Amino acid sequence: MSDRSFFDWIQQVRSGDHVGSFPTDTVPALAAVPMSAELIYQTKGRSLEKPLILMAGDVDDLWPYLAGSEAEREIWRLMMEQYFPGAVTLVLPSSDRVSPKMNPLNPGTIGVRVPNYEPARSILRETGPLATTSVNRSGEPALLTLLEIRQQFPAVLTLSDDALRSIGVVDPLVKADGIPSTVVRWTLEGWELLRQGKTVVG
């Protein structure tokens, strides 16, 4: 049984030996500490060409993972103020604090996001930023319910219904909306839209 209490889920995921799942404002996340990001690739059968997202509970937790000039960071800060927390992922130059396991073929950049969902943020404030992606076998649709996740990924740690309610999830059985985050990348020319998702960026 993969269900865990809130405290146990946090401890197990932080140990670096386990992959966990938790609800967000888009699709449920598959998550691990950044140094154990390879566990996510193994669990999903995910191609190393596809990077993971660094998700955090608060914007301030992301800055140590980013590398840029003062002018660039000011531009990024304005973008974050507009869209964080929210269903937007910003792909930015990464600092040496980011594990290369999160983006094996292009370790110089990292996608970052702060979800607009307080239960997810309360988890991330306890774990610190996590490597994340959707919960599914690579190439298949994202799983949208806790029941599907428990059935198809029995080794992935999930929070018990009581644990989810304790952090503000009203009904753990509710299906996620299934719309992923919008992904925008910073380039020398400015912002570039990589994927249109839940939020329109303009």
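Express in whole angstrom the spacing between the alpha-carbon centres of region 53-100 and region 153-197. Region 53-100 and region 153-197 have Cα centres separated by 17 Å.
Label positions at residue 193 and residue 152, each projected 7 Å from the Cα along the C-beta direction, are separated by 2.8 nm. A value for Rg/Rh (Cα atoms, Kirkwood Rh) was derived from the coordinates, and within the list [x] 0.94; [y] 1.01; [z] 1.21 it appears as [x].
The longest stretch of the chain left intact once loop-based GluC sites (Glu not before Pro) with at most 13 other Cβ atoms within 10 Å are removed from consideration, loops following DSSP, is 50-188. Note on the chain: with charges restricted to the Cβ of Lys and Arg (+1) and Asp and Glu (-1), its dipole about the Cα centre is near 400 debye. Normalised by the number of residues in the chain, the average gap of Cα pairs under 8 Å and 6 or more apart makes the relative contact order 31 percent.
Could you check what % of the DSSP bridge pairs in region 51-147 are antiparallel, to the nearest 5? Antiparallel bridges: around 75 percent, rounded to the nearest 5. Rolling a 1.4 angstrom probe over the protein heavy atoms with all chains in place gives the chain an accessible area of 47 Å² per residue.
If you take the square roots of the eigenvalues of the alpha-carbon gyration tensor of region 95-144 and sort them as a ≥ b ≥ c, do you get rounded (a/c under 1.5), prolate (a/b over b/c) or oblate? The shape class here is oblate.
Dividing the summed helix terms, -39500 (n - 2.57) for each DSSP H run of n ≥ 4, by the number of residues in the chain produces a 222 nm estimate of -7500 deg cm²/dmol to the nearest 500.
Among the trypsin sites (Lys or Arg not before Pro) in region 94-202, those placed in a DSSP loop whose Cβ has at most 16 other Cβ atoms within 10 Å are 97, 137, 175.
Counted residue by residue at 0.36 nm each, then reduced by the alpha carbon distance between them, the extension gain from residue 11 to residue 173 reaches 55.9 nm. Taking every DSSP beta bridge that has both ends in the chain, the antiparallel portion is near 65%.
The values are calculated or read from the model by the stated rules, or taken from the named source; none is laboratory data. None of the values given here were measured: they were computed from a predicted structure. Methodologically, a virtual Cβ is constructed for each residue, glycine included, from the backbone with ideal geometry; neighbour enumeration extends over all protein chains shown. In case anyone asks, the SASA skips ligands and DNA or RNA and just uses the protein heavy atoms, side chains included. Shrake-Rupley method; radii C 1.70, N 1.55, O 1.52, S 1.80 Å.
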